[in-house]
1. Which FRET efficiency value, to the nearest 0.05, is calculated for residue 58 and residue 316 with the Förster distance at 41 angstrom and r the Cβ-Cβ distance?
2. Using 10 Å bins from zero, what percent of all Cα-Cα pairs in the range 233-289 falls into each bin?
3. Which of 292, 224, 241 moves most in a GNM of the chain, Cα contacts under 10 Å?
4. Reachable lysines from residue 268, Cα under 23 Å, same-chain residues fewer than 8 places away excluded?
5. Taking every alpha carbon pair in the range 238-348, what does the distance histogram look like in 5 angstrom bins from 0, in percent?
6. What does the charge add up to near residue 243, with Lys and Arg as +1, Asp and Glu as -1, over the other residues with Cβ less than 12 Å from its Cβ?
7. Work out the length of the dipole vector of the range 20-142 about its Cα centre, built from +1 on the beta-carbon of each Lys and Arg and -1 on the beta-carbon of each Asp and Glu, and round it to the nearest 20 debye.
8. As a check on your grasp of the helix formula, calculate [θ] at 222 nm for the chain: sum -39500 (n - 2.57) over DSSP H runs of n ≥ 4, divide by the residue count, round to the nearest 500.
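Bear in mind that the values in this text are calculations on the coordinates, not laboratory data. Treat the numbers as computed from the prediction; the structure is a model and nothing was measured. Note that each Cβ is placed from the backbone with ideal geometry, even for glycine, and that neighbours are counted across all protein chains shown.
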Amino acid sequence: MEKYDIIIIGAGAAGLMCGQVAGKRGYKVLILDKSGKAGGKIPISGGGKCNFTNNDCSADDFYSENPHFVKSALARFSQWDTLALLEENGIAWELRDHGRYFCQHSSSELVTLLCELCRNSGVLIRLNSQISKVERSGEEHIITVGDTHFGCEKLVVASGSCAWPQCGTTDIGYDIARDYGHKIIPVCPALVPLHYNKTDAALMAELTGNSVLATVNCGRYRFQEEVLFTHHGLSGPAILQISCIWPHEGKIHIDWLAGFDLTDAIEKGRASDGSITISKLLHGRLPRKFLQIWQRYYEDIAIANLSASQISQAVESFNSWHFQPSGTAGFSKAEAASGGVSTNELSSKNMGSKLARNLYFIGEVVDVTGALGGYNLQWAFSSGYCCGLEI
Ligand SMILES: Cc1cc2nc3c(=O)[nH]c(=O)nc-3n(C[C@H](O)[C@H](O)[C@H](O)COP(=O)(O)OP(=O)(O)OC[C@H]3O[C@@H](n4cnc5c(N)ncnc54)[C@H](O)[C@@H]3O)c2cc1C
């Protein structure tokens, strides 16, 4: 049986970061991954350019049963540390809207870098190694891959979540956690499109392919970004953001004008010649098809001839559209999963289990979900780094 100080399950962002940090400290580290390529979900992230972190990164950008859990790891490996890592190693990045950092060329550069750092610190990465069993024998963890057994003193679970099963995700992380007595917060699709209910589906089908810059509200949360109309429902960044909140808060309100003051525009129009219609006032701000559908339900006559109540109804129809989804598009369309290994039973300092000695959970398998904007990769890096440093 091959023996190591540390075995890490999963060569994604979290596992590779943890491996290279622990390797540098002199530990004999093995990373096992079922896939034929290292990097986990990094290559498919951010449309191939992976949005790896964000200018503005705090505990408020993460969802978890314990909202304070991420603070320590984020403080010890922050967005600036991620950025410095790329800069030191010559990976060009670009800063886009909403403080989002992307690789300028390709996310594969980041995978190559993390693998190189692992290699430089003596970490072994063994691919095509699907773990079938993890058990304990005295002080040792025994990991089984096919007919081969690996032994280690410390086991790090970095196997990710079950979101986006197309890339071969497994439930092994949750299974290991359960075997050691950990609580799993129910795992649900997150950062995912939302499906129409029957009434909206009939109305909105014609809009498929269009997008609108809108403000989407749910509970105390508010996002102003694009909303995309699809065959089955709404998608786009604003909807992916709200999908993390909707299951808990329920009601979604959409301002299709993203703060544009239609009442004011109507008043100004009436003060000039008053012959313009609301659809003309909004021409160029909303897709033509959107306005055509709107005209079927509201009087679109010269604004000078609209009554006060017609104006307020029209304004409300744009500013406060109530969206009641029938559900989400599911794990196959989800960029992340909410829930996972409960943070209450993990140390926020080194991600170690409070229930089992020498067992650690990092990255997306943990009940920490980042908002859209580079937060999930930042969490993978921060949790992986702290674990590697303190293990
Ligand atoms: C389409 C898409 C786009 C995304 N875009 C972004 C983005 O731009 N920015 C961002 O911050 N986040 C993004 N995310 C989320 C982000 O990619 C993940 O949160 C992050 O990569 C998780 O890292 P991880 O190391 O925890 O897990 P993963 O990257 O999932 O790695 C887990 C590894 O464990 C391995 N594994 C699983 N089970 C086993 C087993 N039984 N035996 C052996 N190995 C196993 C897997 O093969 C995998 O390599 C996106 C996700 C998707 C699906």
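1. Numbers: r = 34 Å, r/R0 = 0.84.
Rounded to the nearest 0.05, the efficiency is 0.75.
2. Calculated over all Cα pairs of the range 233-289, the distribution is 18, 37, 25, 17, 3 percent.
3. Of 292, 224, 241, the most mobile in the Gaussian network model is 292.
4. Cα-Cα hits under 23 Å: 280.
5. 2, 9, 17, 17, 13, 10, 9, 7, 5, 4, 3, 2, 1, 0
6. Working: positive: 333; negative: 249, 335.
For residues surrounding residue 243, the net value is -1.
7. On the way: 15 positive and 15 negative charges, 105 e Å.
So the dipole magnitude of the range 20-142 works out to roughly 500 debye.
8. Details: 13 runs with 119 residues, N = 391.
Per the formula, -8500 deg cm²/dmol.
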